[in-house]
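Inspection log for the structure reproduced underneath, given as structure tokens.
All of the numbers you see were taken from the coordinates with simple rules; none came from a lab. Please read all numbers here as calculations on a predicted model, not as lab measurements. A quick note on method: Cβ atoms are made from the backbone with ideal geometry, for glycine too, and the neighbour counts reach across all protein chains shown.
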Amino acid sequence: METMNDRAKRRSPKRSVAMIMTVVVVGAFAGVIGFLWRLERDPVVNIPVHTVPSPNAFDDYARAGKLLQDARTVSAPVRRGTSRVAHLPPAVQDRILRDNAPALAAIRVGLAHPYATPSKGMAATKFDYLMTDRSLVRLLAFQADVQAARGKWADSAQTSLDALQMSEDIPRGGGSLPLVVGASLGATARDPLLRAVPHLDLVGAKAALRRIHKINSEGQPYSQTVQEDKYSGQASLMEIFQKPDWRKKILQESLWVGGAGKDVESRVRSALTSKQDLMNSYTKFMDGMVADAEAHRLQKNFNYFMFDP
């Protein structure tokens with residue numbers, strides 16, 4: 001006769017298999033949930049907030065931009081080597097400078113202050129201020145050309161150097177785009193300066209040379225520019241990560257680190273890569289760029305004289 005003990009022993013293998021299957025299913029489910037959670041977890045990244053000087057020339061230039069008059073005439077592009085005022089009667093030149101006296105005064109207040117682009121925190125940097133700064137540098141070049149047309153060569157040289165100093169201010173605290181804009185505006189500033197130099201006496205030439213050395217010595221190191229590009233890229237990634245379709249957006253904008261594109265391989269790699277891994281890959285790449293810049297293995301990839309003022 002079969003005892004209860006015998007029946008329990010006969011059922012135990014089935015019970016063991018059921019328990020094992022349960023553990024496997026629960027473990028697999030937990031693993032999938034954990035994997036999906038890791039894929040979508042926001043990365044941990046330290047994007048520092050800049051400490052800006054007070055007063056900050058950035059604010060002075062912004063104030064000057066609001067005071068700018070006759071912007072279309074003042075900021076119109078001209079061909080290299082061409083005076084900005086040759087086609088304007090002296091009376092019009094005087095009126096434009098008179099209307100822009102408050103803007104010019106605000107610019108020169110800024111030139112006496114340190115400059116730093118304010119941090120945008122976690123938001124991607126906006127560059128609308130660069131258009132205003134371009135108009136202000138062209139205003140200074142306009143004034144320099146008026147002074148040159150009236151034989152005031154020393155004044156024209158110093159005004160051109162004001163424009164050059166402002167063009168060197170603009171990249172501070174920013175990445176590659178402010179650097180390129182500053183370089184372009186440097187060409188704008190040098191155009192009237194090069195016309196004034198042959199007319200300077202010894203005193204004026206020495207004063208201009210001293211100021212040029214000072215401006216050059218105060219420029220932002222290129223490694224810092226690359227560092228700012230890194231922070232800007234990290235901030236942009238963090239913004240994209242907040243969107244439900246962030247993987248699609250990264251593929252569309254070619255931000256996929258390790259191979260951009262819409263092919264199947266890129267899509268699969270995108271689907272199986274976490275936000276943190278993507279951020280780590282980008283950060284590692286940019287850290288290498290910063291190290292190369294600090295070791296002077298990475299140079300500015302443009303020529304300051306290639307831009308049309």
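Structure data summary
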| quantity | calculated |
| --- | --- |
| Among 207-214, 105-112, the order from most to least packed when residues are scored by Cβ within 10 Å on average | 105-112, 207-214 |
| Computed over the range 161-201: relative contact order in percent, which uses C-alpha pairs under 8 Å that are six or more apart | 43 |
| Value of relative contact order over the range 70-171, rounded to a whole percent, pairs C-alpha under 8 Å and six or more apart | 36 |
| Net dipole in debye of the range 187-236 [+1 Lys, Arg Cβ; -1 Asp, Glu Cβ; about Cα centre; nearest 20] | 240 |
| Extreme residue, positive dipole direction of the range 176-235, given options LEU200, LEU177, ALA189 (C-beta unit charges) | LEU200 |
| Paired Rg and Dmax values of the range 60-204, which use every Cα atom, in angstrom | 15.1, 51 |
| Backbone HN-Hα couplings from phi across the range 194-200 [Karplus 6.51/-1.76/1.60, Hz, Gly and Pro as x] | 5, 6, 7, 3, x, 9, 7 |
| Rounded to the nearest 20 debye, dipole of the range 83-195 from Cβ charges on Lys, Arg, Asp, Glu | 80 |
